[in-house]
Structures are given as structure tokens and as C-alpha cells.
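*Asks:* Before we start, here is the structure in question, set down as C-alpha cells.
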Amino acid sequence: MELILDFPKSSNILLHTGVLDLNLTLSSGEVVAITGENGVGKSSVVQLIKNVQGPRFPGIKLSFIDQFPINVLGQRRGVDLIDLLKDIDSSYQWEDTFFLGDKLTCPISKLSGGENQILKLSAFLSRGADFYLLDEPTNNLDKLRLQKLEDKLVQLKKEGAGILIISHDHNFVDRLADRKIEAALCDGVVEFKEVFDGPT
């Protein structure tokens with residue numbers, strides 16, 4: 001299976017920094033990383049894909065993990081998020097990859113930044129998707145949780161999932177990525193060029 005991200009300059013899709021020019025094919029069982037300077041428009045690409053996913057990618061199940069904390073009102077807990085995802089998707093299989101433990105029963109609003117991040121990763125990496133799109137997934141992770149994230153992504157890759165990672169953590173990217181794409185702004189166009197092929 002392939003996820004074809006074809007947004008040529010001629011489509012005139014305007015990001016906050018410039019016109020998008022992206023032609024990228026992500027295959028099942030492949031990890032592709034996008035790097036680049038802050039503010040160039042990398043995260044905007046993930047949001048664009050999220051917004052057009054239904055009509056643009058029929059029959060392909062996507063799971064998105066953005067870089068923003070889970071924000072909830074009241075006393076909603078991690079277990080409530082898991083139950084909601086189970087209600088949405090009957091095939092959902094929860095796996096406590098990051099050892100949240102009793103933090104699952106705490107109000108999400110009371111979690112630290114790192115705890116919020118691992119709840120989000122645990123929840124959305126358990127979705128059984130064809131492709132996972134992760135925006136700065138290493139934010140706020142300690143060394144143990146970072147290793148657990150790497151292990152989980154390796155597992156998903158072996159199971160045949162395609163994974164797109166946006167990250168500034170070059171060590172993390174170089175350990176996992178089959179290909180690395182660099183995003184850059186050039187004359188008002190946000191371009192994506194392959195700079196790395198194969199993990200070290």
C-alpha cells in the first residue's frame with residue numbers, strides 16, 4: 001500500500017510561509033522523516049493531510065499525532081480517551097506501551113507535559129492504522145519513554161505500517177528513518193528534497 005502525497009506547486013496550496021511543493025510517496029513498512037528549520041511549514045503539511053484525508057485517501061486508515069497537548073475540560077481522564085477511541089473504532093486495541101499506569105485515571109488537565117505526550121502516543125499508536133503521521137513525537141519524553149517510542153515504531157514498521165515523522169531530533173531520525181526529506185523555503189515555495197537514504 002502507498003500513501004501518495006502529491007501537492008505540486010501548480011495546485012497553489014498556500015501555507016503560512018509560502019506555496020507548497022510536495023511530491024512524496026510513503027510505502028507500507030517504511031519510515032520517512034521530514035526535517036527542516038522551525039516555521040518553514042512542516043507541521044502545516046500534516047494538518048493539510050489531516051484535513052483532506054477522507055476524499056484524498058479513500059480506503060486508507062491514517063492516525064495523526066500532532067505536537068500539541070491533549071486539551072480537555074473538566075475531569076476527563078486517559079481511560080475516557082481510550083474508551084472514546086474504542087467507540088469510534090471497533091478494531092481498536094489499547095496497548096500501554098509507555099507504562100502510564102495509574103496516570104490513566106488522573107484528569108488529563110493535571111498531567112505534566114511529558115505525561116500528556118505519552119498518553120497521546122499510547123492512544124494513537126494503538127489504532128491499527130495503515131499509516132502513522134507523527135509531528136515532533138519526542139517532545140517532553142525522558143530517556144526511557146524515548147526508547148519505548150523507538151521500539152513501538154520499529155514494531156509497527158515490522159507489522160507493515162508506514163510512518164511519517166516530522167522531527168528536529170536528528171539522532172532519533174537517523175536511527176529510525178529509511179529516508180529523510182528536508183523542508184526549506186526557497187523564493188516563496190516550500191520545497192521538500194531527499195537528503196538521506198537508509199539508516200546509519
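Since every read-out is calculated from the coordinates, none of them should be taken as a lab result. Owing to the predicted nature of the structure, the values given are computational and were not obtained by experimental measurement. Cβ atoms come from the backbone with ideal geometry, glycine included; neighbour counts cover every protein chain shown.
*Asks:* Kindly indicate which of 100, 81, 24, 48 is crowded, with 18+ Cβ neighbours inside 10 Å and closer than 22 Å to residue 179 by Cα. First the steps, then the outcome.
*Replies:* Values: 100 fails: closer than 22 Å to residue 179 by Cα; 81 fails: closer than 22 Å to residue 179 by Cα; 24 fails: crowded, with 18+ Cβ neighbours inside 10 Å.
Result: 48 is the single residue among 100, 81, 24, 48 that is crowded, with 18+ Cβ neighbours inside 10 Å and closer than 22 Å to residue 179 by Cα.
*Asks:* Moving on to the next point. Given the range 134-200, what strands (runs of 3 or more DSSP E) lie entirely inside it while holding 2 or more residues that are over 14 Å from the mean Cα position of the chain (by Cα), of a type in the set (Val, Ile, Thr) and within 16 Å of residue 44 (Cβ to Cβ)? First the steps, then the outcome.
*Replies:* Details: elements: 162-166, 179-186, 189-197.
Ranges flagged: 189-197.
*Asks:* Is it true that residue 146 is surrounded by fewer than 19 Cβ atoms within 10 Å (Cβ to Cβ), closer than 30 Å to residue 35 by Cα and among the hydrophobic types (A, V, I, L, M, F, W, C)? Quick ask: steps written out before the conclusion?
*Replies:* On the way: surrounded by fewer than 19 Cβ atoms within 10 Å (Cβ to Cβ): yes; closer than 30 Å to residue 35 by Cα: yes; among the hydrophobic types (A, V, I, L, M, F, W, C): yes.
Yes: the conditions hold for residue 146.
*Asks:* Does residue 19 satisfy the criteria of being touching a Lys or Arg at 6+ places or on another chain (Cβ under 9 Å) and more than 14 Å from residue 181 (Cβ to Cβ)? Spell out how you get there, then give the answer.
*Replies:* Details: touching a Lys or Arg at 6+ places or on another chain (Cβ under 9 Å): yes; more than 14 Å from residue 181 (Cβ to Cβ): yes.
Here the answer is yes, as residue 19 does meet what is asked.
*Asks:* Just the residues that are surrounded by 19 or more Cβ atoms within 10 Å (Cβ to Cβ), under 14 Å from residue 36 (Cα atoms) and not aliphatic (A, V, I, L, M), please, taken from the range 157-178.
*Replies:* Result: 167, single match.
*Asks:* Can I ask one more? Residues being in contact with an Asp or Glu (Cβ under 7 Å, 6 or more places away or on another chain) and assigned to a helix (DSSP H, G or I): count how many of those fall in the range 120-130. Step through it out loud before you land on a result.
*Replies:* Taking the range 120-130 as the starting set, the residues that turn out to be in contact with an Asp or Glu (Cβ under 7 Å, 6 or more places away or on another chain) are 122, 126-127.
Still in the running and assigned to a helix (DSSP H, G or I): 122.
Of the residues in that region, 1 qualify.
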